[in-house]
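Chemist: Have a look at this one before I ask anything.
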Amino acid sequence: MDGSPHGGYEFDDVDRRIVEILKRNGRATNQQIARRLSLAPATVSARIRRMEQANALRVVAVSDFNAYGYEALMAIAVEVQGRPAEDVAADLSALPEVFGAHLVTGRYEIELLVALQSMDDLPRFLLEAVSAIPGIRNLSPAIAVDVVKYKFDIAPITERGGQ
């Protein structure tokens, strides 16, 4: 990256407006976006493709945990010993219950984000799946009691200087 806010990609007002429409409706067609912005559909398509190729935009579906029957969410801090944290994190991230694995600073080396169908799945997950992975010294699970914010728009597009 070159130190600019979006890895070197220069967003203009049209790009920002396209992204805003896609944030509200990821299924919007190029024709619908073009109509709203008074552009040609080919222009919209080219701009989206350019942003995707620059890794400045990715259009994805985000599912709701409850819609799929997941009723237990948790963060698990993992302390590692005797093995590189990167290797332990790679093994943990392969578990289907893990939807996020981060190498972090502080007392623990890894933070996991986990979704389970129910709390009844917790003993099997921790005592069988996680404990089978070598290099884990200590786990500190924190169970979510309520979801206050669930938002994937974590990279707002701003102009240089934060404007």
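Bear in mind these aren't lab numbers, they're just calculated from the coordinates by the rules spelled out. The model shown is predicted, which means the values in this text are computed figures rather than measured ones. Ideal geometry is used to build each Cβ from the backbone, glycine not excepted, and the neighbour counts take in all protein chains shown.
Chemist: Once the piece of chain linking Leu139 and Arg58 is laid out straight, how much longer is it, given 0.36 nm per residue of separation minus the C-alpha distance between them?
Modeler: Value of the extension gain: 25.8 nm.
Chemist: Taking 7 Å along the Cα-to-C-beta vector as the label spot, tell me the Gln32-Val104 distance in nanometres, rounded to one decimal.
Modeler: Taking the two extended label points, one gets 3.7 nm.
Chemist: Angle between the Cα long axis of helix 13-24 and the longest principal axis of the chain, 0 to 90 degrees, nearest 10?
Modeler: 50
Chemist: I've got another one for you. Take the Cα pairs of the range 66-143, get the Kirkwood Rh, then feed it into Stokes-Einstein at 20 °C and 1.002 mPa s and tell me D in µm²/s.
Modeler: Rounded to a whole number, D works out at 171 µm²/s.
Chemist: Which value in nm describes the separation of the simple spin-label points at Leu22 and Leu95, placed 7 Å from the Cα toward the beta carbon?
Modeler: Spacing of the two 7 Å Cα→Cβ label points: 3.4 nm.
Chemist: Quick one: net charge of Arg36's neighbours, Cβ under 11 Å, K/R +1, D/E -1?
Modeler: Summing Lys and Arg as +1 and Asp and Glu as -1 gives +2.
Chemist: Oh, and also: Which far-off residues, 5 or more places away or on another chain, put their amide H under 5 Å from the one on Ile136, with H placed in the peptide plane?
Modeler: Placed amide hydrogens put Gln81 under 5 Å from Ile136.
Chemist: Next question. Taking amide hydrogens as modeled 1.01 Å from N in the peptide plane, which residues meet the under 5 Å criterion relative to Ala101, leaving out close sequence neighbours?
Modeler: Here the answer is Leu113, since their amide H atoms fall under 5 Å of that of Ala101.
Chemist: Please give the FRET efficiency for Ala132 paired with Tyr68, using the beta carbon to beta carbon distance and R0 = 22 Å, rounded to the nearest 0.05.
Modeler: Here the calculated transfer efficiency is 0.35.
Chemist: Just how far, in whole angstrom, is the range 42-71 from the range 122-153 if you go by their alpha carbon centroids?
Modeler: Cα centres, the range 122-153 to the range 42-71: 27 Å.
Chemist: What list of ³J(HN,Hα) values in whole Hz, one per residue of the range 33-39 in order, does the Karplus curve 6.51 cos²θ - 1.76 cosθ + 1.60 (θ = phi - 60°) give from phi, with Gly and Pro shown as x?
Modeler: Residue by residue, the range 33-39 yields 5, 4, 4, 5, 9, 6, 10 Hz.
Chemist: Against the longest alpha carbon principal axis of the chain, how many degrees, from 0 to 90 and to the nearest 10, is the axis of helix 41-53 turned?
Modeler: 40
Chemist: Applying the Karplus parametrisation 6.51 cos²θ - 1.76 cosθ + 1.60 with θ = phi - 60° to the phi angles of the range 121-133, what ³J(HN,Hα) value in whole Hz is obtained for each residue in order, glycine and proline being reported as x?
Modeler: Whole-Hz 3J(HN,Hα) from phi for the range 121-133: 7, 4, x, 5, 4, 6, 7, 10, 5, 6, 5, 6, 8.
Chemist: Which of these values of volume of the Cα convex hull per residue in Å³ was calculated from the structure shown: (i) 174; (ii) 109; (iii) 158?
Modeler: Identified label for the calculated read-out: (iii).
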